[in-house]
1. Under 22 Å between alpha carbons, and skipping anything fewer than 8 positions from LYS65 in its own chain: which lysines qualify?
2. Given H placed 1.01 Å from N in the peptide plane, which residues other than close sequence neighbours of SER83 have an amide H under 5 Å from its amide H?
3. Round to a whole angstrom and tell me the spacing of the C-alpha centers of the stretch 65-121 and the stretch 5-59.
4. Taking the highest mean first, how do the peptides 26-32, 56-62 order by number of other beta carbon atoms within 10 angstrom per residue?
5. Whose amide H sits under 5 Å from the amide H of VAL93, counting only residues 5 or more places off or on another chain, with H placed in the peptide plane?
6. Using modelled amide H (1.01 Å from N, peptide plane; none on Pro or chain starts), what sits under 5 Å from the amide H of GLN16, excluding residues fewer than 5 places away?
7. Please name whichever of VAL91, LEU61, ILE107 sits farthest to the positive end of the charge dipole of the stretch 7-111, dipole taken about the Cα centre and charges placed at Cβ: Lys and Arg +1, Asp and Glu -1.
8. Any idea what the relative contact order of the chain is, in percent, if you count C-alpha pairs under 8 Å spaced at least 6 apart?
Amino acid sequence: MIKAGDIVKVTDWGYQHSTSSAWFEAYIDDLETEWLIKYAYGDETSYKEYRCNDNKKYKVLYVDKYEKTCLITLADDYSDFVSAVYLIGCVGVELYDKPTEMTIAEIEEKLGVKNLKIIEE
């Protein structure tokens, strides 16, 4: 589940809403003025250039009450500066450092070994 403050990467810019006035009208009372001003209205550049291979870090600014759509901006490790703001469906993003979960059998297959034994370090 994606929440405000998370660092994410975009897995599919096809879920971007580049012109969604109705969504902004519905959530206007919850949104910061700066986010509204910096909304990348009509900007489909990321879709055209990166569609499914954008590895940049984005910070989640807001997630709607149905957890279906979020506002994101490029993450800056050194400040809270908000650059262009994008509205995108939550299914089009995932946590940037999403942990990988695997069973021992899957690890054995990936490594090409049998009878893997996990020991403490």
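1. Cross-link targets: LYS3, LYS9, LYS38.
2. Those lying under 5 Å, H to H, from SER83 are LEU74.
3. Between the Cα centre of the stretch 65-121 and that of the stretch 5-59, the gap is 19 Å.
4. By packing density, highest mean first, the sequence is 56-62, 26-32.
5. Here THR11 satisfy the definition.
6. Counting only residues 5 or more places away or on other chains, the set is GLY89.
7. VAL91
8. Result for the chain is 35 percent.
Here, each number is a calculation from the coordinates, and none is a lab measurement. All figures in this text were calculated on a predicted structure; none of them were measured in a lab. Methodologically, a virtual Cβ is constructed for each residue, glycine included, from the backbone with ideal geometry; neighbour enumeration extends over all protein chains shown.
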